[in-house]
Amino acid sequence: MGSGSCSDSEGTAGAQLALYRAVWWGFCGAFIVICGAAAALLLPSDILLLALALVPVSGATAAAMYGGDTDWLSRWTRWQVAVTVAVIAGASTLILGLTDVLGYSVLWLVLLLGASSPPAVRWYRGGPRIGRAGLPERSTAELCRQWRDSYDALRRATSDAHRLRIVLERQHCLDELGRRDPEGLQAWLASAASAAGDPERFLKSQ
């Protein structure tokens, strides 16, 4: 099977994940609207005020503590981190209040949404790993995607330590690709390959 077939399969999987992500966010949006309406109708005013107060406080705290030097956090801006933490803090307060009023079914629904979220699904399927561990088990198409994604992550890195980890990750990718198909990798490197380039079409699928 050629690299084109792998690319087609990867594209199909990506389209399916994008559709799942849209459906999941639709359910989340509906759940948030329902929880907000129920909270406004059922919860005491002190809990509502607490939730409103936690939003700016938690958001400002997250923005002040943001470092961006962890692998997953480097993909987020300070503003995105602040807004996400603020929303989670406010929503968590409302959900806990609704759990006390309506029972633990609300909490179980929240846990189900979290367990079925797109990031969780990517983790179940085997998300990107930093370092050499796990690379031999990944397909050539996945390694090439990791190579491309790591270039974007390197551009967004905010610390020398994070840049070093990404550079090592990229070297491990090249080492594994070279182990699998040294001729193909050399052909890609000889074709004026760039740091942001994609070697997949030069490599045998594995």
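Coordinate-derived values only; no laboratory data. This structure is a prediction, so every number in the text was calculated from the model and none was measured. Here the Cβ is made from the backbone with ideal geometry for all residues, glycine too, and neighbour counts use every protein chain on show.
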About the Cα centre of region 135-202, how large is the charge dipole given +1 on each Lys and Arg Cβ and -1 on each Asp and Glu Cβ? Please answer in debye to the nearest 20. 220
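Can you tell me the order of 171-183, 30-42, 144-156 when each peptide is scored by its average per-residue count of other Cβ atoms within 10 angstrom, highest first?
144-156, 171-183, 30-42
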Quick calc: nm separation of the 7 Å Cα→Cβ label points for Met65 and Ser92 -> 1.0
Fewest to most neighbouring Cβ within 10 Å: what's the order for Ser105, Ser92? Ser105, Ser92
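Would you please give the FRET efficiency between Tyr104 and Asp149, computed as 1/(1 + (r/R0)^6) with r the Cβ-Cβ distance and R0 = 41 Å, to the nearest 0.05?
0.60
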Quick one: if you stick a label point 7 Å off each Cα along the C-beta vector at Ser159 and Cys28, how many nm between them? 2.6
Simple Cβ-charge dipole of region 164-206, Lys/Arg +1 and Asp/Glu -1, about Cα centre, in debye nearest 20: 40
